[in-house]
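Visitor: Got a structure for you, written out below as structure tokens; questions coming shortly.
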Amino acid sequence: MESASLAIAISPADDEPAAIAAPKAPASAWYGLFVLVMATLFAYVDRQILNLVAPSLQASLGITDLQIGMLQGLGMAIFASVASYPLGWLADRFGRRLLLAIGVACWSLATGFTAFQNSFGGLFMGTIGIAVGEAGLAPIVYAMIPDLFPERQRSTANFIFYGASLLGAGAGMALAGALLQWLAGSQHDVPAWLAGIDTWRMAMMAVALPGPLFLLLVATMPLGKRLPFQRQESASADPTMVAFLPYAKRHRRALALFFCMILAMNVPLTASLTWFPLALPRAFGIDPSAIGVALGSAIAVATLIGVILPAIALKLWRGSALTTAQAFIALAAVPAAVLPFVTSPFQAYAVATIVGAMGVAASALIPGLLQDLAPPHLRARALAILSIAAALALAASPMAIGIISSQIVGPRSILQAITIVSVPCLVAAAILMAFAKRPYAATVRANQSQLPEDQA
């Protein structure tokens, strides 16, 4: 079954006069979308800078591959998972904008804190703070978009947000890489009070500094219009529309399949971002400080291709959004399998670009599917539960690759480990998507049947 919201975004409405008469989002909604994109970009840069400085961390503090995997995965994922649902519950009850502002402050301070650490334990504490701050970002953002935009424009906003945030992530990584290159070559040009400070510390401090600006942006964005039945407590109401646990129990099959599907998808999609800054210098002897620009450019190209592909595929193929996402994920397994055999950094970036483009194309369809998976007043909590899967993937991928690479001898050990982890996960995600189609359609029908007639 194709998500109704995605169908609206891809093709003209069947009832053209009704579509014309439907309300349009005000200018303030588009400003709110801009703020959400910028806040997400800021979060991506904070998260990715740790990947880019990994070689410097190892040289400076003697951090092992396994410890790098723990910093990039375990510290982020466990505490993001623990914090996701409480933050989603608070966002549904007390205001999504407020929780977003608190998150921005938390991850900014934690990034600055990390810059001053001299041990693995201190770095681990810093990544916990970053993880907790960012834990509510995805469920809050994707719950706010339906608050800001009417149904006919919701999927357009989803695509714009997803594509812009990923393009921004690529640009942010490229800028962070350029910053690292400049710092590495300009030690004599920095102020005297910064002389002798490791470049990775200065980079972490630099990406923490914009925190107050992003707090101001979040404070000025609109709240959006919440649906009037979100606090409905009528005795005659369907219990799945009043409390989260009855809803989750009734639709446990759809939620479980989506949870596992997103987990399997995100493991390979985080692998390149996490490990390329270490894998390519080992395999090809290139300068680690040059990787950020090239990898950021690859992300940007993959994002452009990946955001365009689903719109074209849905229009030409006219399959369901879930089936289309399944096809893209299955295709991603092919280039992922050839990564250990590349003979140059360019080929490695090309493989990462193709896998990334297929992954982005599939992932761009997921937000609309998730927004229809829960009734509006439970949306942030449902998205929080499902975002835990992404957090677990963030833990599983670096840890698994770090463990496997440590057992393989040779300069290509990390590239081989990435393939060993990625290919089975991509195949598993495609299979889970096939099993998810019927329970997902049943859940969407149940949710739509509970909406007021003017909202359905």
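Visitor: Please list, ordered by first then second residue, the pairs with beta carbon atoms under 8 Å, 6 or more apart or interchain, first in segment 103-131 and more than 10 Å from G211 (Cα to Cα) and without any contact (Cβ under 8 Å) to a residue 24 or more places away in the chain, second among the aromatic types (F, W, Y) and open to solvent by less than 10 Å² (accessible area, probe 1.4 Å).
Guide: Pairs found: G129/W107.
Visitor: Quick one: is V342 touching a Ser or Thr at 6+ places or on another chain (Cβ under 8 Å) and either buried (at least 19 other Cβ atoms within 10 Å of the Cβ) or of a type in the set (S, T, Y) (or both)?
Guide: The answer is no for V342.
Visitor: Please determine whether any residue of segment 170-181 is buried (at least 21 other Cβ atoms within 10 Å of the Cβ) and modelled with pLDDT of 80 or more.
Guide: No, that holds for no residue.
Visitor: Does any residue of segment 398-409 turn out to be open to solvent by less than 20 Å² (accessible area, probe 1.4 Å) and under 19 Å from S84 (Cβ atoms)?
Guide: yes
Visitor: Something else now. Got at least one residue in segment 148-161 being within 19 Å of A389 (Cβ to Cβ) and at pLDDT 80 or above?
Guide: There is at least one residue in segment 148-161 that is within 19 Å of A389 (Cβ to Cβ) and at pLDDT 80 or above.
Visitor: When segment 125-146 is examined, which residues are found to be within 16 Å of V37 (Cβ to Cβ), open to solvent by 20 Å² or more (accessible area, probe 1.4 Å) and out of contact with any Phe, Trp or Tyr (no Cβ under 9 Å at 6 or more places or on another chain)?
Guide: Of everything in segment 125-146, just one residue is within 16 Å of V37 (Cβ to Cβ), open to solvent by 20 Å² or more (accessible area, probe 1.4 Å) and out of contact with any Phe, Trp or Tyr (no Cβ under 9 Å at 6 or more places or on another chain), namely A138.
Visitor: T343 is checked against (1) under 28 Å from A279 (Cβ atoms); (2) part of a helix (DSSP H, G or I) and fails just one. What number does that condition carry?
Guide: Failed condition: (2).
Visitor: List every residue pair whose Cβ atoms sit under 7 Å apart, with the two residues 6 or more apart in sequence or on different chains, where the first one lies in segment 249-273 and is under 14 Å from A333 (Cβ atoms) and the second, anywhere, is open to solvent by less than 20 Å² (accessible area, probe 1.4 Å) and outside any helix (DSSP H, G or I).
Guide: Within 7 Å, no pair qualifies.
Visitor: In addition: Would you please list the contacts, defined by Cβ atoms under 7 Å and residues six or more apart or on different chains, that run from a residue in segment 209-226 that is at pLDDT below 90 to a residue that is acidic (D, E)?
Guide: Final answer for the pair search is G224/D147; K225/D147; R226/D147.
Visitor: If I ask for residues that are open to solvent by 10 Å² or more (accessible area, probe 1.4 Å), assigned to a helix (DSSP H, G or I) and either aliphatic (A, V, I, L, M) or under 16 Å from Y440 (Cβ atoms) (or both), which ones from segment 369-382 would you list?
Guide: The answer is L370, R379.
Visitor: OK, next. Listed residues V360, V334, V307, V351; which is modelled with pLDDT of 90 or more and crowded, with 19+ Cβ neighbours inside 10 Å?
Guide: V351
Visitor: Here is a list: I68, I78. Which entry is at pLDDT below 80, among the aliphatic types (A, V, I, L, M) and open to solvent by 50 Å² or more (accessible area, probe 1.4 Å)?
Guide: I78
Visitor: Could you count how many residues in segment 83-96 are in contact (Cβ under 8 Å) with a residue 12 or more places away in the chain and either touching a Phe, Trp or Tyr at 6+ places or on another chain (Cβ under 7 Å) or open to solvent by 70 Å² or more (accessible area, probe 1.4 Å) (or both)?
Guide: The qualifying residues number 1.
Visitor: Within segment 248-283, can you find the residues that are open to solvent by less than 10 Å² (accessible area, probe 1.4 Å), modelled with pLDDT of 85 or more and not aliphatic (A, V, I, L, M)?
Guide: Passing the criteria: only F258.
Visitor: How many residues does segment 311-327 hold that are open to solvent by less than 20 Å² (accessible area, probe 1.4 Å) and within 20 Å of the chain's Cα centre (by Cα)?
Guide: Number of matching residues: 4.
Visitor: Go through G410, G402 for me and flag whichever is more than 27 Å from G136 (Cβ to Cβ) and touching a Gly at 6+ places or on another chain (Cβ under 7 Å).
Guide: G402
Visitor: Considering only segment 282-306, how many residues are assigned to a helix (DSSP H, G or I) and either without any contact (Cβ under 8 Å) to a residue 12 or more places away in the chain or small (G, A, S) (or both)?
Guide: Residues meeting the conditions: 11.
Visitor: Somewhere in segment 188-201, is a residue surrounded by 21 or more Cβ atoms within 10 Å (Cβ to Cβ) and either under 29 Å from the mean Cα position of the chain (by Cα) or at pLDDT 70 or above (or both)?
Guide: Yes, segment 188-201 contains at least one residue that is surrounded by 21 or more Cβ atoms within 10 Å (Cβ to Cβ) and either under 29 Å from the mean Cα position of the chain (by Cα) or at pLDDT 70 or above (or both).
Visitor: Here is a follow-up. Pull out all pairs, ordered by first then second residue, where Cβ-Cβ is under 8 Å, the residues are six or more apart or on different chains, the first lies in segment 408-430 and is within 13 Å of A337 (Cβ to Cβ) and in contact (Cβ under 8 Å) with a residue 24 or more places away in the chain, and the second is open to solvent by less than 60 Å² (accessible area, probe 1.4 Å) and of a type in the set (F, W, Y).
Guide: Correct list of pairs: I418/W275.
Visitor: Exactly one of (1) open to solvent by less than 20 Å² (accessible area, probe 1.4 Å); (2) over 30 Å from L90 (Cβ atoms); (3) within 20 Å of the chain's Cα centre (by Cα); (4) not hydroxyl-bearing (S, T, Y) is unmet by I366. Its number?
Guide: Going through (1) open to solvent by less than 20 Å² (accessible area, probe 1.4 Å); (2) over 30 Å from L90 (Cβ atoms); (3) within 20 Å of the chain's Cα centre (by Cα); (4) not hydroxyl-bearing (S, T, Y) one by one, I366 breaks only (2).
Visitor: Still on this structure: Pairs please, first residue from segment 307-320 and at negative phi, second anywhere and part of a loop (DSSP other than H, G, I, E, B) and surrounded by 14 or more Cβ atoms within 10 Å (Cβ to Cβ), Cβ atoms under 9 Å, 6+ apart in sequence or on different chains.
Guide: As it stands, the answer is A313/G319; L314/E2; L314/S320; G319/E2; S320/M1; S320/E2; S320/S3, since those pairs meet every condition given.
Visitor: Tally time: how many residues in segment 386-421 are part of a loop (DSSP other than H, G, I, E, B) and of a type outside the set (S, T, Y)?
Guide: Of the residues in segment 386-421, 6 are part of a loop (DSSP other than H, G, I, E, B) and of a type outside the set (S, T, Y).
Visitor: Right, another one. Quick one: count up the residues across segment 42-55 that are in a helix (DSSP H, G or I) and touching a Leu at 6+ places or on another chain (Cβ under 8 Å).
Guide: Qualifying residue count, segment 42-55: 8.
The values are calculated or read from the model by the stated rules, or taken from the named source; none is laboratory data. Computed from a predicted model, the values in this text were never measured in an experiment. Don't worry about glycine lacking a Cβ; one is built from the backbone with ideal geometry, like all the others, and counts go over all protein chains shown. Side chains are part of the model used for accessible areas, which takes the heavy atoms of the whole protein and leaves out ligands, DNA and RNA. Shrake-Rupley method; radii C 1.70, N 1.55, O 1.52, S 1.80 Å.
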